[in-house]
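The values are calculated or read from the model by the stated rules, or taken from the named source; none is laboratory data. On a predicted model such as this, the values are computed, not experimentally measured, just so you know. Note: ideal-geometry Cβ built from the backbone for every residue, glycine included; neighbour counts use all protein chains shown. Quick note on the areas: whole protein, heavy atoms, side chains included, nothing else; ligands and nucleic acids left out. Shrake-Rupley method; radii C 1.70, N 1.55, O 1.52, S 1.80 Å.
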Amino acid sequence: MILFDGGCLFCHDSVWWIAARDRKAVFRFAAQQSTVGRALLEKGNVLGRDTVVLIEDGCYYIKSDAVLRIGRHLAWPWNGLAAAGLLVPRLLRDFVYDQIAARRHRLIRKQDRCQLPPPELRARFLDESLQ
């Protein structure tokens, strides 16, 4: 399960990017602002964090740990790059993550509306507004 900021175009595009490379469809998605997302954030005690959240086998991962663990499930070369990234100390990885997160709204093109996912991807979202 990947919890993302539903109000962030960079995060929105990242979900589409992940889904396109998740050949085995292992990931499900929920906006952090949705009922499902808020409940999962509360359960994992990660409310108020400005980060992507990965829930895997009942464990919650944030920041670079989440990104790299997500990458390990994607198609080549992303899984190899993610495995190599885990060799970098977390302090340095999270510093880079924080720098990107702080600028994420400027890193993406402006859109006047978000595109709805196609039906095959929509089924992977645990958000009542997309069903």
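Residue by residue, here is whether (1) open to solvent by 30 Å² or more (accessible area, probe 1.4 Å); (2) assigned to a loop (DSSP other than H, G, I, E, B) holds:
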{"position": "3", "(1), (2)": "no, no"}
{"position": "7", "(1), (2)": "yes, yes"}
{"position": "13", "(1), (2)": "yes, no"}
{"position": "24", "(1), (2)": "yes, yes"}
{"position": "36", "(1), (2)": "yes, no"}
{"position": "41", "(1), (2)": "no, no"}
{"position": "48", "(1), (2)": "yes, yes"}
{"position": "54", "(1), (2)": "no, no"}
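Taking residue 18, is it assigned to a helix (DSSP H, G or I) and at pLDDT 95 or above? Step through it out loud before you land on a result.
Working: assigned to a helix (DSSP H, G or I): yes; at pLDDT 95 or above: yes.
Yes; evaluated as a whole, the condition is true for this residue.
Output the residue which, of all residues in region 71-86 that are in contact with a helix residue (DSSP H, G or I) (Cβ under 6 Å, 6 or more places away or on another chain) and either in contact (Cβ under 8 Å) with a residue 24 or more places away in the chain or among the hydroxyl-bearing types (Ser, Thr, Tyr) (or both), is surrounded by the fewest Cβ atoms within 10 Å (Cβ to Cβ).
The extreme case among them is 75.
Please determine, by comparing only the residues of region 87-131 that are modelled with pLDDT of 95 or more and part of a loop (DSSP other than H, G, I, E, B), which one is surrounded by the most Cβ atoms within 10 Å (Cβ to Cβ).
88
One residue is enough: does region 58-73 have a residue meeting the conditions assigned to a loop (DSSP other than H, G, I, E, B), closer than 21 Å to residue 21 by Cβ and at pLDDT 95 or above?
So in region 58-73, the residues assigned to a loop (DSSP other than H, G, I, E, B) come out as 58, 72-73.
With closer than 21 Å to residue 21 by Cβ added as a condition, the list becomes 72-73.
Pick out the ones that are also at pLDDT 95 or above and you get 72-73.
Yes, region 58-73 contains at least one residue that is assigned to a loop (DSSP other than H, G, I, E, B), closer than 21 Å to residue 21 by Cβ and at pLDDT 95 or above.
From the residues in region 56-68 that are among the charged types (D, E, K, R) and open to solvent by less than 60 Å² (accessible area, probe 1.4 Å), which one is farthest from residue 99 (Cα to Cα)?
Here is the first cut: in region 56-68, the residues among the charged types (D, E, K, R) are 56-57, 63, 65.
With open to solvent by less than 60 Å² (accessible area, probe 1.4 Å) added as a condition, the list becomes 56, 63, 65.
Working: 56: 25, 63: 11, 65: 15 Å.
Checking each candidate, the answer is 56.
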